[in-house]
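One structure is given here, and the rest of the page talks about it.
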Amino acid sequence: MLCRILIFTLLFWSSALCLGQSASVHAVTPDYAGQTISTIIASNPFISFAEFSQSMVCNEQGEFEQIIPLKAPKVVQFETGVYQLYLYMMPGFHYEVEFPEYIEKKWEEQISPFYQPLAMPLAVLSRTSLSTQERIDGSMDVNHVIATFDSLFIIAN
């Protein structure tokens, strides 16, 4: 009987781990007051099929907060204005980020089939573990290393 309870407990615990967790992102940028931010997680980087897609409008202070369901670490894209911002997110963390100055997409850009958004990494101010509440400065986060590499790669090419 004890063995059955132990097996049931282990199965229940492992199924809870398999369900994944969520991550959250928060930013306050006054220029984004009333602007829409579309959040997208691509299931495959080569096929444009979204695993998760949601649009949110920033409040009057330009505050943006969103909970994103993640089963594993993923690159999350935030599309707003002329930007396509990306952030490497891991489940179980809260990210404080800083959006660049808002630039509205012009009508000509919206209807142009050749338009390419300005792709750039999102600046992380801090990352906090949801389970331990340990806070890591943005300069110690993996996104800082990704942004540094991307900026060097752009300069080299």
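Things to note:
- Meets criteria (farther than 20 Å from Ser129 by Cα, over 9 Å from the mean Cα position of the chain (by Cα) and crowded, with 16+ Cβ neighbours inside 10 Å) for Thr29: yes
- Within the range 65-83, residues that are polar (S, T, N, Q) reach partners that are part of a loop (DSSP other than H, G, I, E, B) with beta carbons closer than 7 Å, at six or more positions or on different chains, in the pairs Thr80/Gln35.
- Here Gln61 meets each of (1) more than 17 Å from Val25 (Cα to Cα); (2) surrounded by fewer than 16 Cβ atoms within 10 Å (Cβ to Cβ); (3) of a type outside the set (Asp, Glu) with one exception, condition (1).
- Members of the range 45-68 that are at pLDDT below 85, closer than 19 Å to Pro117 by Cβ and not aromatic (Phe, Trp, Tyr): Pro45, Ile47, Ser48, Ala50, Ser53, Gln54
A quick yes/no check of all residues on (1) in contact with a Ser or Thr (Cβ under 9 Å, 6 or more places away or on another chain); (2) part of a strand (DSSP E or B); (3) in contact (Cβ under 8 Å) with a residue 40 or more places away in the chain:
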| position | (1), (2), (3) |
| --- | --- |
| Val25 | yes, yes, yes |
| Asp31 | no, no, yes |
| Ala42 | yes, yes, no |
| Glu51 | yes, yes, no |
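- Test: residue in the range 126-138 that is within 26 Å of Phe46 (Cα to Cα), in contact with an Asp or Glu (Cβ under 8 Å, 6 or more places away or on another chain) and modelled with pLDDT of 90 or more: no
- The test for being touching a Phe, Trp or Tyr at 6+ places or on another chain (Cβ under 9 Å) and more than 17 Å from Ile37 (Cα to Cα) holds for Leu70.
- Among the residues of the range 77-87, just one is over 20 Å from Ser151 (Cβ atoms) and either in contact with a Leu (Cβ under 8 Å, 6 or more places away or on another chain) or part of a helix (DSSP H, G or I) (or both), namely Glu79.
The values are calculated or read from the model by the stated rules, or taken from the named source; none is laboratory data. This one's a predicted model, so the numbers in the text were calculated from it and none came from an experiment. Glycine also receives a Cβ, built like all others from the backbone with ideal geometry; neighbour counts cover every protein chain displayed.
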